[in-house]
Amino acid sequence: MNARPPTVFPSCATATLVAVLFSGCSTVDPTPDYDRAVQEIQSATGAANVYHPDIHDDIPNREAELLEQGLELQEAVELGLLRNPFLQASFRNIGIAQADRVQAGLWTNPSLSAALLFPVDGGQTKIEGGLFANLVDLWQIPERTRVAQSNLERHVLELAHSAVQLAANIRAAYIETLAAEQLLVIAQENQDSAVRLVEIANLRLEAAAATAIDLNLAELELLDAQVALRDAAFEAGERQRELVTLLGYANTPPGFAITGTLPSSSETLPEVETLKRLAHERRLDIRAAVARVEQAAAELERQHGLVVRIAGVGISAEREDDWALGPGLKLELPIFDQNQAQIAKAVEAFSQHEALLRAVLVSASQDVSSVIARTQAQWGAAGLYKDQVARAQEALELSRQSYEVGKTTILPVIEAQRKLLSAKRLHALRIRAAAVAVSDLERATGTSREELLKASIRQDRKEP
């Protein structure tokens with residue numbers, strides 16, 4: 001009678017099978033990664049509250065609080081970061097990446113083989129079988145996990161970067177809306193001035209101190225002012241609709257209003273080199289590019305470890321007259337495919353992402369230089385137009401007084417009125433452009449306005 005072989009498995013096979021069993025207990029919980037994304041967004045935008053997929057029941061209450069007294073600029077940013085549906089959808093990429101991260105840490109399912117053999121010349125049926133786990137997972141799971149973790153980090157940073165872009169767009173739309181409302185006020189003032197000019201022309205015509213030509217010219221000027229007022233009202237409505245869309249509304253909420261004002265003077269900002277340093281440290285697209293390089297490096301290492309992709313270890317069993325059990329091994333022979341194509345692909349991807357990182361760094365530096373130059377240019381022009389508004393206002397008053405007492409014709413009054421309207425409009429447009437440029441600087445540096453101003457104060461204190 002044949003001796004029965006021992007049934008105690010080798011320690012390697014035992015450890016492998018136990019690890020396989022326990023790896024099935026992994027669960028997917030993206031909440032900590034959602035938390036990190038929210039913290040990154042709050043740090044870069046200065047928003048007090050940001051959408052969180054697991055904590056969103058209080059959004060309606062906070063929304064009502066923000067809308068109740070009208071929106072300041074930072075409140076509009078907060079509201080958009082709570083409500084914008086595209087941002088909410090982007091959060092799910094983190095959950096997907098976290099699921100990939102968990103999947104990367106799971107062992108490959110063991111394989112079971114079985115065969116029933118019937119002897120050709122008769123005799124007892126032979127049974128063969130085996131249970132195998134892939135030994136390659138021992139060195140591949142850490143590498144797969146590293147790749148998936150880098151991918152998760154990249155998604156967190158890319159989400160935060162998209163939120164920063166959304167915040168910048170909301171700020172720009174808010175400023176555009178404020179400027180459009182100010183231009184509407186200017187257009188209304190211009191119409192009121194044109195109405196007054198028509199009244200003066202009528203009085204002078206009745207007193208036989210003017211001609212019908214004066215009245216016709218004044219009425220034509222009023223018609224132009226009325227058309228300009230309608231255009232300004234339409235433009236203000238369009239800008240508000242753009243803002244409301246970014247905030248996540250299909251229709252303007254009842255009682256919607258913004259309560260901010262355009263700045264009247266330039267804000268003190270840090271030096272260009274300080275801003276570039278902040279950009280390199282804080283910009284989330286740069287950090288995401290770094291994460292992509294790290295992911296590519298991890299993928300390259302993983303591909304080097306895949307020269308052998310099948311190395312199964314487990315138990316083999318055979319029954320003829322009696323059962324026989326023992327350790328089994330399945331090993332791929334890398335004769336033809338040594339994973340050289342995938343390794344070469346990973347090398348190219350790594351080099352590509354390194355070059356893209358350098359490109360992002362160069363772009364960030366140029367972006368900061370461009371925005372700060374635009375900010376300074378717009379503030380300088382705004383100061384000049386402010387002086388022009390004061391002079392045009394004085395010229396209009398003097399020409400109107402001269403016309404009322406009959407010293408001049410109506411033409412100088414009309415010309416002065418047009419000059420004043422042009423100066424007011426151009427001043428408002430320059431203020432708008434400067435304010436938008438400051439918001440663009442927040443995006444370019446990945447730093448909130450409040451942090452930029454603090455950095456400027458710290459910089460001033462260091463100067464002798």
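Please tell me if Glu415 is over 30 Å from Gln165 (Cβ atoms), modelled with pLDDT of 90 or more and out of contact with any helix residue (DSSP H, G or I) (no Cβ under 7 Å at 6 or more places or on another chain).
Yes, satisfied.
Quick one: which of Arg62, Arg101, Arg146 is without any contact (Cβ under 8 Å) to a residue 60 or more places away in the chain, surrounded by fewer than 22 Cβ atoms within 10 Å (Cβ to Cβ) and basic (Lys, Arg)? So that I can check it myself, show each step before the final result.
On the way: Arg101 fails: surrounded by fewer than 22 Cβ atoms within 10 Å (Cβ to Cβ); Arg146 fails: without any contact (Cβ under 8 Å) to a residue 60 or more places away in the chain.
Going through Arg62, Arg101, Arg146 in turn, just one is without any contact (Cβ under 8 Å) to a residue 60 or more places away in the chain, surrounded by fewer than 22 Cβ atoms within 10 Å (Cβ to Cβ) and basic (Lys, Arg): Arg62.
When Phe350 is evaluated against the numbered criteria (1) in contact with a helix residue (DSSP H, G or I) (Cβ under 9 Å, 6 or more places away or on another chain); (2) more than 30 Å from Ala433 (Cβ to Cβ); (3) modelled with pLDDT of 90 or more; (4) exposed (fewer than 14 other Cβ atoms within 10 Å of the Cβ), which criterion, by number, is the only one it fails?
(4)
What are the residues in segment 193-224 that are free of Cβ contacts under 8 Å to residues at least 40 places away in the same chain and not in a helix (DSSP H, G or I), if any?
If the condition is that a residue be free of Cβ contacts under 8 Å to residues at least 40 places away in the same chain and not in a helix (DSSP H, G or I), then Ala207, Ala208, Thr211 are the ones that fit.
Which one of these does Gln103 not meet: (1) assigned to a helix (DSSP H, G or I); (2) modelled with pLDDT under 90; (3) more than 23 Å from Ala288 (Cα to Cα)?
It is condition (3) that Gln103 fails.
Is it true that some residue in segment 311-332 is surrounded by fewer than 20 Cβ atoms within 10 Å (Cβ to Cβ), of a type in the set (Lys, Arg), over 25 Å from Ala163 (Cβ atoms) and at pLDDT 85 or above?
No: segment 311-332 contains no residue that is surrounded by fewer than 20 Cβ atoms within 10 Å (Cβ to Cβ), of a type in the set (Lys, Arg), over 25 Å from Ala163 (Cβ atoms) and at pLDDT 85 or above.
The values are calculated or read from the model by the stated rules, or taken from the named source; none is laboratory data. Source: prediction; values computed, not measured. With ideal geometry, Cβ positions are generated from the backbone for all residues, glycine too; neighbour counts draw on all protein chains shown.
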